[in-house]
1. Residues in the range 14-47 that are outside any strand (DSSP E or B), more than 16 Å from ligand 1 (Cβ to nearest atom) and of a type in the set (Asp, Glu): how many?
2. Looking only at the range 66-95, count how many residues are out of contact with any Lys or Arg (no Cβ under 8 Å at 6 or more places or on another chain) and open to solvent by 30 Å² or more (accessible area, probe 1.4 Å).
3. With respect to the numbered conditions (1) open to solvent by 10 Å² or more (accessible area, probe 1.4 Å); (2) more than 16 Å from ligand 2 (Cβ to nearest atom), which one is the sole condition not fulfilled by THR152?
4. Can you name the condition, by its number, that ALA50 falls short on among (1) within 15 Å of ligand 1 (Cβ to nearest atom); (2) in contact with a helix residue (DSSP H, G or I) (Cβ under 6 Å, 6 or more places away or on another chain)?
5. Would you check if there is a residue in the range 302-323 being away from ligand 2 (no atom under 16 Å from the Cβ), touching a strand residue (DSSP E or B) at 6+ places or on another chain (Cβ under 6 Å) and closer than 16 Å to LYS114 by Cα?
6. Scan the range 174-182 and give yes if some residue there is open to solvent by 20 Å² or more (accessible area, probe 1.4 Å) and either among the aliphatic types (A, V, I, L, M) or not in a helix (DSSP H, G or I) (or both), otherwise no.
7. What are the pairs, 6+ residues apart or on separate chains, where a residue within the range 6-19 that is within 14 Å of SER244 (Cα to Cα) has its Cβ under 7 Å from a residue that is outside any loop (DSSP other than H, G, I, E, B) and hydroxyl-bearing (Ser, Thr, Tyr)?
8. Only one of (1) surrounded by 15 or more Cβ atoms within 10 Å (Cβ to Cβ); (2) away from ligand 2 (no atom under 16 Å from the Cβ); (3) on the phi > 0 side of the Ramachandran plot fails for GLY216. Which number is that?
Amino acid sequence: MRKFVVTKLSANFREAVCVRSARVPSPGDGELLVRNRFVGINSSDINYSAGRYDTSLQPPFDIGFEGIGEVADLGSSVGANYCVGQPVAYNQAGAFAEYVIVPTKKATPVPSTKPQFLPLLLSGATACISLQELGELSEGQKVLVTAAAGGTGQFAVQLAKAAGCHVVGTCSSEEKVRFLKSIGCDRPINYKSEDTGAVLRREYPEGMDVVYESVGGDMFQLAVNHLAVKGRLLVIGLISSYQSSFGLAGPSEGSLPLKLLQRSASLRGFFLPHYNSQYQGCLRRLLDMYEKGELVCQIDQGDQAPGGRFVGLESICRAVDYLYSGKNIGKIVAEVSQPDSAKL
Ligand code: NAP
Ligand code: X1H
């Protein structure tokens with residue numbers, strides 16, 4: 001089989017990785033061998049390739065956080081939930097490969113390998129758990145979602161709407177504005193054509209009760225400046241800094257504690273792996289909402305990207321470039337293999 005391997009620590013994904021041949025691994029106790037159909041692209045793939053996730057990890061190491069495919073082989077004592085051919089989605093390092101070993105506790109049986117199920121596991125769960133545990137959402141509250149049309153933003157918008165909130169979402173194009181309207185966002189802001197700060201000052205003078213913030217930098221500052229009294233700012237990510245330097249410290253951040261104090265506002269960090277105990281419950285809720293037609297799971301397979309649809313393992317590099325071009329609508333997904341039936 002072929003797989004991506006990080007051979008040099010770098011936040012430049014193309015420089016960090018190469019595609020290597022390897023033996024198809026055998027599943028051990030409590031493990032599944034999964035033949036990947038689709039893998040999910042995450043902005044943090046470049047944090048992982050830079051060695052930021054696990055500073056003890058030295059190259060060569062495998063990469064890719066999530067995928068969906070069929071069980072190809074079973075290790076011992078995996079239980080009755082799984083059989084060969086069973087469609088599963090999973091969160092497991094090393095997903096950028098044709099086959100991957102997945103411990104059953106990191107796998108979720110899904111009705112099919114349809115790529116729309118893939119965004120629920122990481123992007124959907126991030127929005128679901130963070131809003132539930134830290135957002136303290138209640139009806140009528142005002143919620144700002146940044147990168148609202150992206151992989152995780154789309155779920156934050158829909159879950160905040162489902163909780164009866166008024167949702168404002170930022171994005172960078174009119175096409176994204178239309179998408180945001182279609183998923184119920186009350187006030188999409190195209191930050192390229194409108195001044196986000198001016199819109200918030202004019203239309204939300206009392207500030208935002210909750211901010212789901214994924215961008216960092218100036219967008220983070222703006223979010224702090226527009227927190228309501230007792231507002232909660234959920235730090236979900238800071239994508240604007242992943243390609244270069246890092247951290248929340250910076251000259252303009254000096255007054256952050258004062259701003260929080262003056263409003264009795266809180267800033268809350270969220271990292272999905274710290275919330276494993278809430279994971280299964282949230283995933284069940286999202287799958288249920290999706291099956292009932294109450295949740296849109298927008299995926300972007302790169303049809304509008306330079307070079308077209310992301311097909312084949314090598315296309316993952318283009319998919320990461322596309323993510324950092326900021327043009328995606330919904331979760332970016334690359335197709336790694338055809339269904340078994342297509343090979344007949
Ligand atoms: P994504 O939202 O699908 O794509 C990134 C989007 O961010 C772009 O479409 C772009 O949309 C926006 N963006 C803003 N500034 C950008 C920049 N400088 N470069 C590129 N894009 C920029 O990506 P994702 O993987 O789902 O990640 C979104 C955020 O969620 C990231 O901050 C990530 O770290 C975070 N996340 C956190 C956790 C956690 O456990 N804390 C888990 C998963 C994801 P517009 O500019 O049009 O808005
Ligand atoms: C144990 O907690 C963590 C948390 C974050 C360990 C590693 C990280 C990490 O690498 C991340 C990360 C993970 C997910 C995500 O969506 C965004 C980010 S940002 C980030 C990080 C980047 C550079 C650093 O120097 C430290 C952390």
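The values are calculated or read from the model by the stated rules, or taken from the named source; none is laboratory data. Note that the coordinates shown come from a computational prediction; the quantities given were computed from them, not determined experimentally. Note that we place each Cβ from the backbone using ideal geometry, even for glycine, and neighbour counts take in every protein chain shown. For accessibility, only protein heavy atoms count, side chains too; no ligands or nucleic acids. Shrake-Rupley method; radii C 1.70, N 1.55, O 1.52, S 1.80 Å.
1. The total comes to 2.
2. So the answer is 12.
3. So the condition that THR152 fails would be (2).
4. All conditions pass for ALA50, except number (2).
5. Within the range 302-323, the first condition is being away from ligand 2 (no atom under 16 Å from the Cβ), and the residues that meet it are 302-319, 321-322.
Now restrict to residues that are touching a strand residue (DSSP E or B) at 6+ places or on another chain (Cβ under 6 Å): 310-311, 313, 315-316, 319.
Pick out the ones that are also closer than 16 Å to LYS114 by Cα and you get 310-311.
Yes: the range 302-323 contains one or more residues that are away from ligand 2 (no atom under 16 Å from the Cβ), touching a strand residue (DSSP E or B) at 6+ places or on another chain (Cβ under 6 Å) and closer than 16 Å to LYS114 by Cα.
6. For the range 174-182, residues open to solvent by 20 Å² or more (accessible area, probe 1.4 Å) and either among the aliphatic types (A, V, I, L, M) or not in a helix (DSSP H, G or I) (or both): absent.
7. SER10/SER49; ALA11/SER49; PHE13/SER49
8. Of the numbered conditions (1) surrounded by 15 or more Cβ atoms within 10 Å (Cβ to Cβ); (2) away from ligand 2 (no atom under 16 Å from the Cβ); (3) on the phi > 0 side of the Ramachandran plot, the odd one out for GLY216 is (2).
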